[in-house]
Structures are given as C-alpha cells and as structure tokens.
Amino acid sequence: MEKKIDWKQLLKNNGILLVFFLIIMGLSIMSPYFLTVTNILNIIRQTSIYGIIAVGMTFVILTGGIDLSVGSILALSGAVAAGMMKNNDVAPLIAALVAIMVGGGIGLVNGLLITFGKIAPFVVTLGMVTIARGLTLIYTGGYPISGFTDGYRQLGGGYVLGIPIPVIIFLATVALAWFILNHTRLGRYTYAIGGNEETVKLSGINVRFYKSMAYVIVGIMSSLSALILTARLNSAEAVAGQGYELDVIAAVVIGGTSLSGGRGSIIGTLIGALLIGTINNGMNLLGISPYFQQVVKGALIIGAVILDRLRDETN
C-alpha cells in the first residue's frame, strides 16, 4: 500500500530550508553579485562572528534559559585580550586563553546566580549586560585598543586553502557542539533539563551543574568570537557586540530551537545563522537603508517567536 506524504509535517520540519532556498533564489535574480564564490564566503565569514555565539546560545535555550549578556561578554573579553597584547606585550596565545577564561568566568557567574540564586535568566543576564559593558569602559577608558601583530590578525583575516579562518573556526564549533549534544552525557542532560527539569532532578542528576555549564559554554563562545572580531578589525572597542544578542537569539529560534527548551539542533542553528547573514548581505547588495534593515531584523525576531509558538502548539 502506497504511503501518503504528510505535507504538513514535511513543511513544519523543513520550512526553514524552503525559506532559505527561496531567499537565495530571489537574491540571485535581483543581484548578479550575490551567487559568487567571493560573496558566499563573505556571507559565511560575516555570519561566523555571531554564529559561533549562537552555537553556545543553543545550549542555553535548550535548557529553557536565555543569555542577553553575550554582546557585553564579547566586548569585555576582546578588550582584555587587546589590552594584554598591546599594553603589556603578552603573547597572543596567552592573551586569547585569558580572554576565554574571562568569558567562561562570566558565564559561570550567570549560571550560578540562576541555579543557586534561583533568579530568572532574563534578569541575571540583563544585569550582566550593564556590568560587563561598564567593566569594559573602565578597562579601556572608553578608547579603542588597536594595532596588533600580523600573526594575530590572521585569525580574523587569514585563509587556509582559500577558506577564511573565521569560517573554519565557525564550522569546527558547529561540529564539536553537534557531537556534544548528540553523543555525550552533557548533551543528553541539556535536552532533558529543557524537557522536564523536575524529572531530571528526581533522577538524581546535578541539574545546577549542567545548567551552569550551558552558560559557561556560551560565555566561551562569546570570547572566541571576540578574538576573531578584534583580529579582523585590528581594534577592540567598548561598544563592540552591541545588538549581537538579537541576531544570536533569532538565529537559534529561527533554526527550530524552542524557547521553552528541550527541542532543537545545532544544524538548525547553523541554518538560522546563515539565513540571517544572507538576508543582511542581500539587503546591503540591494542598497537597502540600514535603518530599514533594523526593521527587518525586528520582524525576523518576532516571526521567529511566532514560529516557535506554532511549533509548540502543534506538538
């Protein structure tokens, strides 16, 4: 007996891919410069900065949480690395490790306040936005720190076999996160906590530890993005990362990760990030006003939340 295709379910599971394909086709028609190797690599390179953070944010949202402080963590960790290299003549590798420790440390503070302090993630991370940004302003005095070695700048502008280094790092983080979520205890418990935290607690699993780890991961990813952005711009500024949390959260939710937790995938996040990057690139190629681009981004975020609600209602 011939099996009927459930078109509704097929569209629900693959709707984002269809939208992505239609946008690519439309932009290819409207701009002859869009579907070129140079522009495609440019899209992925631009996407990699917030895409890496989105990888970490996927862990947080899967637990049912949120982190609004990623842009400020990026600014602070980037400034710390830049200051160490420029002002204290510290080797780039050491400065990078310290910056990652800063990001992971702030993520740990967020996680502990949420799990032990029992404060809503929105409130904790919103407060951390101001704290981390203020610390960045204190550290930099409000002035940019610039002028790094050519070796460090390769991190943001170099190539390996014709592929931009930020793209390689982005895809490597996607692959690592996919492995963790699908083949490790941390991944299984991350999904389980978002699905039903109380049941996980009753099973004897240390929920506080695994939830805190999600915030540590997104903090580390924010610092990694900071290093790439600082190297690419050859400068670290206190205003770096402003508004990144919007693109990051939108990428994760558009990619199918539920804001209520327990459902989603890294591959979905990758597609969501590339979709946003493609739209941004397309609007620039078409000469659309940056002010109108902000309207489109806002509409994307609202649309992503509506899609998330519809997915929850149909499950």
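The values are calculated or read from the model by the stated rules, or taken from the named source; none is laboratory data. None of these values were measured; they are calculated from a predicted model. Cβ sites come from the backbone with ideal geometry, for glycine too, and all protein chains shown count toward neighbours. Ligands, DNA and RNA are excluded from the accessible area calculation, which covers all protein heavy atoms including side chains. Shrake-Rupley method; radii C 1.70, N 1.55, O 1.52, S 1.80 Å.
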Inset, instruction - Return the pairs, sorted by first residue and then second, in which the second residue is open to solvent by less than 50 Å² (accessible area, probe 1.4 Å) and aromatic (F, W, Y), the first residue lies in the stretch 84-109 and is in contact (Cβ under 8 Å) with a residue 12 or more places away in the chain and within 13 Å of T149 (Cα to Cα), the beta carbons are less than 9 Å apart, and the residues are 6+ apart or on different chains. - result: M85/F148; M85/Y152; K86/F148; P92/F148; P92/Y152; A95/Y152
Legend entry - Any pair with Cβ under 6 angstrom, 6 or more apart, that starts in the stretch 237-257 at a residue that is within 17 Å of I138 (Cβ to Cβ) and ends at one that is among the hydroxyl-bearing types (S, T, Y): A238/T136; A238/T140
Inset, instruction - Only residues in the stretch 139-152 that are within 12 Å of M85 (Cα to Cα) count as the first member; pair them with residues that are open to solvent by 80 Å² or more (accessible area, probe 1.4 Å), Cβ under 6 angstrom, at least 6 apart or cross-chain, and list the lot. - result: I145/K86
Inset, instruction - Looking only at the stretch 31-69, count how many residues are assigned to a helix (DSSP H, G or I) and either crowded, with 24+ Cβ neighbours inside 10 Å or not basic (K, R) (or both). - result: 25
Inset, instruction - Would you be able to tell me the number of residues in the stretch 154-167 that are loosely packed, with under 15 Cβ neighbours inside 10 Å and free of Cβ contacts under 8 Å to residues at least 40 places away in the same chain? - result: 4
Inset, instruction - Please go through the stretch 277-294 and pick out each residue that is touching a Gly at 6+ places or on another chain (Cβ under 9 Å) and among the aliphatic types (A, V, I, L, M). - result: I288
Legend entry - Failed condition for K118, given (1) closer than 24 Å to R208 by Cα; (2) touching a helix residue (DSSP H, G or I) at 6+ places or on another chain (Cβ under 8 Å); (3) open to solvent by 50 Å² or more (accessible area, probe 1.4 Å): (2)
Legend entry - Near pairs, Cβ below 9 angstrom, 6+ apart or cross-chain, from the stretch 284-301 (under 20 Å from P32 (Cα atoms)) to any residue that is not in a helix (DSSP H, G or I): L285/S31; L285/Y33; L285/F34; L286/S31
Inset, instruction - Report yes if F20 is modelled with pLDDT under 90, within 21 Å of the chain's Cα centre (by Cα), surrounded by 14 or more Cβ atoms within 10 Å (Cβ to Cβ) and in a helix (DSSP H, G or I), otherwise no. - result: yes
Legend entry - Filter result for T184 (crowded, with 22+ Cβ neighbours inside 10 Å and modelled with pLDDT of 90 or more): no
Legend entry - Any hit, the stretch 49-61, residues being touching a residue at least 40 places away in the same chain (Cβ under 8 Å) and more than 17 Å from F170 (Cβ to Cβ): yes
Legend entry - The listed residue being surrounded by fewer than 19 Cβ atoms within 10 Å (Cβ to Cβ), in a helix (DSSP H, G or I) and at pLDDT 90 or above, out of A175, A132, A192: A175
Inset, instruction - Output the number of residues of the stretch 250-280 satisfying the condition of being over 20 Å from I66 (Cβ atoms) and either open to solvent by less than 10 Å² (accessible area, probe 1.4 Å) or aromatic (F, W, Y) (or both). - result: 3
Inset, instruction - Among the numbered conditions (1) open to solvent by less than 20 Å² (accessible area, probe 1.4 Å); (2) over 15 Å from V70 (Cα atoms); (3) among the polar types (S, T, N, Q), tell me where S289 comes up short. - result: (1)
Legend entry - Enumeration of residues in the stretch 237-290 that are closer than 20 Å to F170 by Cβ and either part of a loop (DSSP other than H, G, I, E, B) or touching a strand residue (DSSP E or B) at 6+ places or on another chain (Cβ under 9 Å) (or both): A240, G241, G243, G255, G256, T257, G264, S265
Inset, instruction - Quick one: K201 ticks every box in (1) under 28 Å from A99 (Cα atoms); (2) part of a helix (DSSP H, G or I); (3) open to solvent by 20 Å² or more (accessible area, probe 1.4 Å) except a single one, so which number is it? - result: (1)
Inset, instruction - Report yes if some residue within the stretch 143-150 is part of a helix (DSSP H, G or I), of a type outside the set (G, A, S), surrounded by fewer than 21 Cβ atoms within 10 Å (Cβ to Cβ) and at pLDDT 95 or above; otherwise report no. - result: no
